[in-house]
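A.B. asks: Dropping a structure here in structure tokens format, bear with me for questions.
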Amino acid sequence: MGIVGSGPAGIYAADLLTKDETLAASGTPVSIDVLDRLPTPYGLVRYGVAPDHPRIKQIQNALHKVLEKPEIRFVGNVEYGRDLKLEDLRRHYDAVVFATGSDRDRPLDVPGIDLPGSYGAADFVSWYDSHPDVDPGWRVDGTSAAVIGAGNVAVDVARMLAKDADDLLGTDITDNVHRSLAAKHITDVHVFARRGIAQAKFTPMELRELDKQPGVEVVVDPEDFDLCAASMSAIEESNQVKTNVKILQNWAIRDPRGEPRRLHLHFLHRPAEVVGEDRVCGLRTERMELTGDGDVRGTGEYIDHEVQTVYRAVGYLGSPLADLAFDDERGVVPNDGGRVLDLDERPVAGVYTTGWIKRGPVGLIGHTKGDALETVTNLVADRADLAPAAEPDPEAFLRLLEERGVAHTSWEGWQRLEAHEESLGADRDRKRVKVRTREDMTRIARSEEPSAAEHG
């Protein structure tokens, strides 16, 4: 079995396959290769969770235990579509599961969105998490920034923009990220949500964190509060919505504290235009009103906000995969319960998908467990109809990579790299410091000498 993607979705699928009672009862042996295009495992947990969220990063401990299983082998630094094609995987595995996630920003169709100074949240998140494929030289410009979106990613981006860089020194951020954040002059961060306070998608825990930052004051305009019939129903039916509304209401009525930095939360504001000629100099929003059913409509009233940068956090999209059909609008691989479909909507024999590339970027990390269960259940049900791999020998697959000059990494190599990062952290009284470049990660994992500037 081959699984492409070593984030939570792929690892949960591998875990479920090793535990499947049907396979165990039938005496079917399970051998799984978990592949990743990066030299490291864990995907979104390593490169999509804010560095000041160590609690969420602890999910790595559970994922670590799965990848340690003798039935599972991690093979990193192998990129599907570049190093391998679908026919290669089908030759070596009885079945293949794609768990490549969502790695692109959903576009936002407003005038000026492509101006210099306008960014996608996915790129910014990847930068502050030191993803090796992102330019390390990001500059956080200006004194005022806008964040468009009302989910946890928008809240993370806003928090990182407002935060004092030195408050991150206990995390795994690299030197280049700390230098850039320490050099910023931002005093005001504005978060804009198109709908009302009862429709916001962030979780109460993420929301409360905004108000726990030293030197940062959260500002909520009472004029942005409006509750329609659908909003009241949402409050009654959901403890999360009820808690969010209560938090926001308390912030709206309290007296200012006079902190040096402010984080403004705006509701019922639709982004209408990113203003500027050569680069961003403002954001124009339209005041919205609730329609009574949870939706909103424009009022025709426009407000200009002076900002020098705009970050859009309006959702992620998956990327197309070679040899597979792709839904460009939803950013997913077409599937039926995890069974990948071709252009004629027929199942592709032996090919499956799970996680965000299957269903879109909806839900928290833990929600991928149920998603993986559906895929694995259908895969196991199909096992009698799967064509066996022509070359199932695990060593044959590694020989193929070596013949193609792919400098693949292993689980043992990852443990070597992890120990190296922890040693870098120990020198600074931190848990770890990430190695930044793909080349250095690969060298360390393969017991080769790293460069002089391995962690930024």
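A.B. asks: At what distance in angstrom do the alpha carbon centres of region 350-425 and region 228-292 lie from each other?
C.D. replies: Their Cα centres are 40 Å away from one another.
A.B. asks: With an 8 Å Cα cut-off and a minimum separation of 6 or more residues, compute the relative contact order for the chain in percent.
C.D. replies: 22 percent
A.B. asks: For the chain, give me the percentage of DSSP beta bridges that are antiparallel, rounded to the nearest 5 percent.
C.D. replies: Roughly 40 percent of the DSSP beta bridges within the chain come out antiparallel.
A.B. asks: Moving to a separate point now. Shape of region 127-171 from its Cα gyration tensor (a ≥ b ≥ c, root eigenvalues): rounded if a/c is under 1.5, otherwise prolate when a/b > b/c, or oblate?
C.D. replies: rounded
A.B. asks: Let me ask something else about it. Once amide H atoms are built 1.01 Å from N in the peptide plane, which residues 5 or more positions from Ala389, or in another chain, come under 5 Å H to H?
C.D. replies: Under 5 Å from the amide H of Ala389: Asp94.
A.B. asks: On to the next question. Near the amide H of Glu273, under 5 Å away, which other amide H atoms are found, from residues 5 or more places off or on another chain, if H is placed in the peptide plane?
C.D. replies: Arg284
A.B. asks: Now for a different question. Regarding region 299-345, what's the average projected area of the Cα-atom convex hull, expressed in nm²?
C.D. replies: Taking a quarter of the hull surface, the average projection is 6.6 nm².
A.B. asks: Also, I was wondering about something else. DSSP loop (so not H, G, I, E, B), at most 11 other Cβ within 10 Å: list which trypsin sites (Lys or Arg not before Pro) in region 32-126 pass both filters.
C.D. replies: For trypsin sites (Lys or Arg not before Pro) across region 32-126 that sit outside H, G, I, E and B with at most 11 neighbouring Cβ atoms in 10 Å, the list reads Arg82.
A.B. asks: Okay, moving on. Classify region 272-363 as rounded, prolate or oblate from the Cα gyration tensor: take a ≥ b ≥ c as the square roots of its eigenvalues, call it rounded if a/c is under 1.5, otherwise prolate when a/b beats b/c and oblate if not.
C.D. replies: It is prolate, given that a/c is not under 1.5 and a/b is the larger ratio.
A.B. asks: Still on this structure, I have one more. Rounded to whole Hz and in sequence order, give me ³J(HN,Hα) for region 193-202 from the Karplus expression 6.51 cos²θ - 1.76 cosθ + 1.60, θ = phi - 60°, writing x for Gly and Pro.
C.D. replies: Residue by residue, region 193-202 yields 10, 5, 9, x, 5, 7, 9, 4, 9, 6 Hz.
A.B. asks: Counting each pair of different Cα atoms once, what's the Kirkwood radius of region 1-151 in Å, rounded to one decimal?
C.D. replies: Kirkwood radius, region 1-151: 17.7 Å.
A.B. asks: Before anything else, pin down the relative contact order of region 240-311: Cα pairs under 8 Å, at least 6 apart, normalised by residue count, whole percent.
C.D. replies: The normalised contact order for region 240-311 reaches 23 percent.
A.B. asks: Which of the residue pairs Lys201/Lys434; Lys57/Lys163; Lys65/Lys85 have a Cα-Cα distance greater than 24 Å in the structure shown?
C.D. replies: Result: Lys201/Lys434; Lys65/Lys85 exceed 24 Å.
A.B. asks: Could you calculate the FRET efficiency of Asp385 with Ser423 from 1/(1 + (r/R0)^6), where r is the beta carbon distance between them and R0 is 60 Å, rounded to 0.05?
C.D. replies: 0.75
A.B. asks: Let me ask something else about it. In terms of modelled amide H atoms, which long-range or inter-chain residues lie less than 5 Å from the amide H of Tyr352?
C.D. replies: Val96, Val97, Phe98, Val340
A.B. asks: From the phi angles alone, apply the Karplus equation (6.51, -1.76, 1.60; θ = phi - 60°) to region 388-400 and give each ³J(HN,Hα) in whole Hz, x where the residue is Gly or Pro.
C.D. replies: The phi angles translate into x, 4, 6, 10, x, 4, x, 6, 5, 5, 5, 5, 4 Hz.
A.B. asks: Within region 244-287, which GluC sites (Glu not before Pro) sit in a loop by DSSP and count at most 13 neighbouring Cβ atoms inside 10 Å?
C.D. replies: Passing sites in region 244-287 are Glu277.
A.B. asks: Taking only Cα atoms, what is the 0 to 90° angle, nearest 10, from helix 152-162's long axis to the longest principal axis of the chain?
C.D. replies: Roughly 60 degrees between the two axes.
A.B. asks: Please name which of Gly405, Ala387, Ser423 has its Cα lying farthest along the dipole of region 374-456 towards the positive end, using unit charges on Cβ (Lys, Arg +1; Asp, Glu -1) and the Cα centre as origin.
C.D. replies: Of Gly405, Ala387, Ser423, it is Ser423.
A.B. asks: Moving on. Quick check: from the Cα gyration tensor, does region 59-118 come out rounded (a/c under 1.5), prolate or oblate?
C.D. replies: oblate
A.B. asks: If you don't mind, there's one more thing I want to ask. Under a Cβ-only charge scheme (Lys and Arg +1, Asp and Glu -1), can you give me the dipole magnitude of the chain about the Cα centre, in debye to the nearest 20?
C.D. replies: Approximately 860 debye in magnitude.
A.B. asks: Take the alpha carbon atoms of region 15-71, find their center, do the same for region 75-99, and report the distance between the two centers in whole angstrom.
C.D. replies: 17 Å
A.B. asks: Also: Give me the extension gain from Ser238 to Ala349: residue separation times 0.36 nm, minus the current Cα-Cα distance, reported in nm with one decimal.
C.D. replies: 35.9 nm
A.B. asks: Quick one: 3J(HN,Hα) in Hz for region 101-114, Karplus 6.51/-1.76/1.60 with θ = phi - 60°, rounded, Gly and Pro as x.
C.D. replies: Calculated HN-Hα couplings, in order: x, 10, 10, 10, 7, 5, x, 10, 8, 9, x, x, 5, 9 Hz.
A.B. asks: Here's another thing I want to ask about it. If contacts are Cα pairs under 8 angstrom and at least 6 residues apart, what is the relative contact order of region 309-410 in percent?
C.D. replies: Relative contact order, region 309-410: 19 percent.
A.B. asks: Where both residues lie in region 220-309, what percent of DSSP beta bridges are antiparallel, nearest 5?
C.D. replies: Percentage antiparallel, nearest 5: 95.
Each reported figure results from applying straightforward, stated rules to the coordinates on display, with no laboratory input. These figures come from a predicted structure and were not determined experimentally. Every residue, glycine as well, gets a Cβ built from its backbone with ideal geometry; the counts of neighbours run over all protein chains shown.
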